[in-house]
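Participant: Supplied in structure tokens, the structure appears directly below.
Please treat every number below as a calculation from the coordinates, not as lab data. All values reported here derive from a predicted model rather than from experimental measurement. Every residue, glycine among them, receives a Cβ derived from its backbone with ideal geometry; neighbour counts consider all protein chains shown.
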Amino acid sequence: MSINAEQPVPARRRHHTRGKILLVVLALFLAAALGSLAFVANLAHTYDQQTQKIPHAFPDETVRPVKVTQGPAAEAVNILLLGSDSRGDSLDLAEGGAASNQRSDTMMWLHVPADRKHLYLMSIMRDTWVDIPGVGQAKINAAMAYGGVPLVVQTLEGLFKSRIDHVAIVDFEGFKAITDSLGGVQVNVPLDFTTLHGNYTFKAGPQKLNGDQALAFVRERYAFIDGDYQRVKDQQIFLRAMLNGVLSASTLTNPLKLTDLVNKISPYVSVDAGLDSGTIGALALSLNGIRGSDVITFTLPTLGTGTSVDGQSIVNRDDSAIAAIGQALGNDTLGAYLQSAGLG
């Protein structure tokens, strides 16, 4: 056995770090769409009732990129997936635009192209040094603290000059529930490491993780020389492996398993008012050919780490890469860009 399955960290010490499981919800609604109308209605009701709504997810329309209504990008969809390092404190979603005592611990941009042949998931390093509107230069994960979800959206839309259609805040605790519901997730661990507190030891190579092990795997950063860089890679590895499990025939053809997964996932998801079951169901149906291998994950290129004028450890942004990706998002040519840049 390649994992030291010691006792997990007690609940009072766990980081309630939010991550990204919306792709799993899309997969489940896709499966539901292939079933009976009653089954679809039941899953939709569960999703709408159990997900929390973000009442003010977007900044004022006057400061946003114009919505594309014609051309190749008109049918593309961009969804911002956010997390928080709240350490057990709930997000104050009601105060849209208000300063928060939290920072977005995990940040991913999900791009669904018009042809619906792939899903592109871009991780953004949380310490990337950017210009936050009304604040100035700061780490991108500080936008949540300064102005809540709307300021995060405004910062990213300003960075890439592209419009975000929906926002979801999801919880890494959901990973645990999904993993256990699937009977574990098979992951190819890239290198040996032991978590900071020594609770888990992972050996390089393929192994099946249970929920607690999965949570430890996707959260760890202190064990690595390159810190967050490796953590982001591990999160992407786990997400692809989990999607392979959710999109497997044994899951998609099992109504009981689908119902159980939606019931367990929904409480960990908070979405903007427009991302209801009708919207996500229609999007899932348009992705009926997608499988785990069609999900392309990559990290926004950077210029390495450095130190800010005020002494903070930061990740230096790559303005050339940001401009190129922004253009690719606007033209709906992200796949071609990733191949040319060696990222896809």
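Participant: Using the eigenvalues of the Cα gyration tensor, what equivalent ellipsoid semi-axes result for segment 252-344 when each is taken as the square root of five times the eigenvalue, whole Å, largest first?
Facilitator: Values: eigenvalues 240, 83, 39 Å².
They are 35, 20, 14 Å, listed from largest to smallest.
Participant: Do the alpha carbons of any pairs in K53/K264; K53/K161; K233/K257; K176/K208; K176/K264 sit beyond 19 Å of each other, and which pairs?
Facilitator: K53/K161; K233/K257
Participant: Ok, one more. Translational D (Stokes-Einstein, µm²/s) of segment 144-248 at 25 °C and 0.890 mPa s when Rh comes from the Kirkwood sum over C-alpha pairs?
Facilitator: It comes out at roughly 160 µm²/s.
Participant: To continue, here is another question. In whole Å, largest first, what are the principal axis extents of the Cα atoms in segment 274-317?
Facilitator: Principal-axis extents of the Cα atoms in segment 274-317, largest first: 48, 27, 11 Å.
Participant: Sort 325-332, 72-79, 57-64 for me by packing, meaning the mean count of neighbouring Cβ atoms within 10 Å per residue, highest on top.
Facilitator: Details: 325-332: 19.8, 72-79: 18.2, 57-64: 15.8.
Peptide ranking by packing, descending: 325-332, 72-79, 57-64.
Participant: Just the Cα atoms of segment 162-201, one point each, no solvent: what log10 I(q)/I(0) does Debye give at q = 0.14 Å⁻¹?
Facilitator: Log-scaled intensity ratios, in q order: -0.58.
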